[in-house]
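For reference, the structure is listed below as structure tokens.
The values are calculated or read from the model by the stated rules, or taken from the named source; none is laboratory data. Treat the numbers as computed from the prediction; the structure is a model and nothing was measured. Cβ placement follows ideal geometry from the backbone for every residue including glycine, while neighbour counts extend to all protein chains displayed. Please note that ligands, DNA and RNA were not included when accessible areas were found on the heavy atoms of the full protein model with its side chains. Shrake-Rupley method; radii C 1.70, N 1.55, O 1.52, S 1.80 Å.
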Amino acid sequence: MIDLGSFLAMGGYAAYVWPAYGAGVVILAAVWFDGLRRRRAVERALQAVAQSRENDA
Amino acid sequence: MHRFANPGRFLRLANRIQPWLKALTALGFLLGLYLALIGSPPDYQQGETVRIMYIHVPSAWMALLAYLILGLASASALIWRHPLADIAAEAISPIGAAFTLLALITGSLWGKPMWGTYWVWDARLTSFLLLFFLYLGHMALLGAFDDRGRGQRSAAVLALVGLINLPIIKYSVDWWNTLHQPASIARMDGPSIDPSMLWPLFTMAAAFHVFLLAVLIERMRTLLLEAKLRNQRLAAFDRVQTEPF
């Protein structure tokens, strides 16, 4: 088992190591979810167009 | 390769491989994070800060790879006018900008304890900052014109001009005196890093590659759907215009 306290302390470099990993998580998650959000938005809009066409017909 | 350059075929292929890419990304990051944070030793000089490298180096590699993709896509868009090439260029530049930003942030978080400063205007860091602005410029130009085609062409020209920055970044550590250390992986005499640190690095790099491919395909798919939506709205508008009241 690793000691959690010394793991979190990162040999005294916690103030640099953890923000670096935090930035990684935040930026990659932002890229991922922004892509997902945009695809869902365009799919909804396409459905709305198809719907209004059916209503017209 | 040309067979996949058809949008319909691209969409079908993308739908098939996307679940696999997502699973591989998750698996790669789990294994990579374990190796980077727990399964590897501290460096005898850098101590625990060496763990920052397992994010910094792969994100810098992805920043360069994304620009290479942007350059190739822009060249084929200008030469062959292929619609998928424009879409690939538009899809890759925000991804490249994100990786460039991550490399800059993690690099500066490593620089503070190791060099004693977050930032220095040396050749490597400055050329990498320029890479970030090239991505931002590309994204801005794409949206700067009412005529989408004009925006795409100007953005492609900017991307091609910016290609000159890639060899400058790569060789900046050899051509100029810089604080940044020279290459330690891509060397003529083989990597100068201990295997215990190469494994977390390569695993993270593999995860970053699959992630890049997954988000690139996702964004290209979205852009194709957005083009379809524009066409349908235009068609609906034409119908309204031509119908007698």
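Read through the list (1) over 23 Å from residue B:74 (Cβ atoms); (2) part of a helix (DSSP H, G or I), then give the number of the only condition that residue B:187 fails.
That leaves (2) as the condition not met.
Please verify whether residue A:29 is facing chain B (nearest Cβ under 9 Å) and either of a type in the set (A, V, I, L, M) or surrounded by 12 or more Cβ atoms within 10 Å (Cβ to Cβ) (or both), treating the condition exactly as stated.
Spelling it out, it is not the case that residue A:29 is facing chain B (nearest Cβ under 9 Å) and either of a type in the set (A, V, I, L, M) or surrounded by 12 or more Cβ atoms within 10 Å (Cβ to Cβ) (or both).
Can we say residue B:27 is assigned to a helix (DSSP H, G or I) and modelled with pLDDT of 95 or more?
yes
Determine which member of the set B:142, B:130 is open to solvent by 20 Å² or more (accessible area, probe 1.4 Å), of a type outside the set (Val, Ile, Thr) and more than 23 Å from residue B:213 (Cα to Cα).
Answer to the check: B:130.
Which residues, taken from segment B:101-129, are within 18 Å of residue B:54 (Cβ to Cβ) and more than 23 Å from the chain's Cα centre (by Cα)?
B:112, B:113, B:114
Taking segment A:1-15 on its own, how many of its residues are surrounded by 11 or more Cβ atoms within 10 Å (Cβ to Cβ) and within 7 Å of chain B (Cβ to nearest Cβ)?
The number of residues fulfilling the criteria is 3.
Report whether or not residue A:18 is at pLDDT 90 or above, surrounded by 14 or more Cβ atoms within 10 Å (Cβ to Cβ), within 9 Å of chain B (Cβ to nearest Cβ) and in a helix (DSSP H, G or I).
It is false that residue A:18 is at pLDDT 90 or above, surrounded by 14 or more Cβ atoms within 10 Å (Cβ to Cβ), within 9 Å of chain B (Cβ to nearest Cβ) and in a helix (DSSP H, G or I).
Would it be correct to say that residue B:204 is away from chain A (no Cβ under 11 Å) and open to solvent by less than 60 Å² (accessible area, probe 1.4 Å)?
No; evaluated as a whole, the condition is false for this residue.
Anything in segment A:32-44 that is at the interface with chain B (Cβ under 7 Å from one of its Cβ atoms), within 12 Å of residue B:98 (Cβ to Cβ) and open to solvent by 30 Å² or more (accessible area, probe 1.4 Å)? List them, or say none.
A:32
Do we have residue B:132 as more than 12 Å from chain A (Cβ to nearest Cβ) and at pLDDT 95 or above here?
In short, yes.
Looking for something of a type outside the set (Gly, Ala, Ser) and either within 14 Å of chain A (Cβ to nearest Cβ) or within 23 Å of residue B:110 (Cα to Cα) (or both) - is there at least one such residue anywhere in segment B:148-157?
So far as segment B:148-157 goes, no, none of its residues is of a type outside the set (Gly, Ala, Ser) and either within 14 Å of chain A (Cβ to nearest Cβ) or within 23 Å of residue B:110 (Cα to Cα) (or both).
May I ask you to list the residues in segment B:163-193 that are surrounded by 14 or more Cβ atoms within 10 Å (Cβ to Cβ) and of a type in the set (Phe, Trp, Tyr)?
B:171, B:176 - these are the residues of segment B:163-193 that are surrounded by 14 or more Cβ atoms within 10 Å (Cβ to Cβ) and of a type in the set (Phe, Trp, Tyr).
When residue A:57 is evaluated against the numbered criteria (1) more than 7 Å from every other protein chain (Cβ to nearest Cβ); (2) under 30 Å from residue B:112 (Cβ atoms); (3) open to solvent by 60 Å² or more (accessible area, probe 1.4 Å), which criterion, by number, is the only one it fails?
(2)
For residue A:50, are the conditions met, namely being more than 9 Å from chain B (Cβ to nearest Cβ) and over 26 Å from the mean Cα position of the chain (by Cα)?
When the stated conditions are applied, residue A:50 does not pass them.
Residue B:9 versus (1) modelled with pLDDT under 95; (2) within 14 Å of chain A (Cβ to nearest Cβ); (3) in a helix (DSSP H, G or I); (4) over 26 Å from residue B:159 (Cα atoms): which is the lone unmet condition?
Of (1) modelled with pLDDT under 95; (2) within 14 Å of chain A (Cβ to nearest Cβ); (3) in a helix (DSSP H, G or I); (4) over 26 Å from residue B:159 (Cα atoms), only one is false for residue B:9: (2).
What is the residue count in segment B:33-68 for residues that are in contact with a helix residue (DSSP H, G or I) (Cβ under 9 Å, 6 or more places away or on another chain) and not in a helix (DSSP H, G or I)?
So the count comes out to 11.
Looking for something outside any helix (DSSP H, G or I), among the aliphatic types (A, V, I, L, M) and at pLDDT below 95 - is there at least one such residue anywhere in segment B:144-154?
Checked against the condition, which is being outside any helix (DSSP H, G or I), among the aliphatic types (A, V, I, L, M) and at pLDDT below 95, segment B:144-154 yields at least one hit.
Go through segment B:95-116 residue by residue and tally those that are out of contact with any helix residue (DSSP H, G or I) (no Cβ under 6 Å at 6 or more places or on another chain), in contact (Cβ under 8 Å) with a residue 12 or more places away in the chain and open to solvent by 20 Å² or more (accessible area, probe 1.4 Å).
So the answer is 4.
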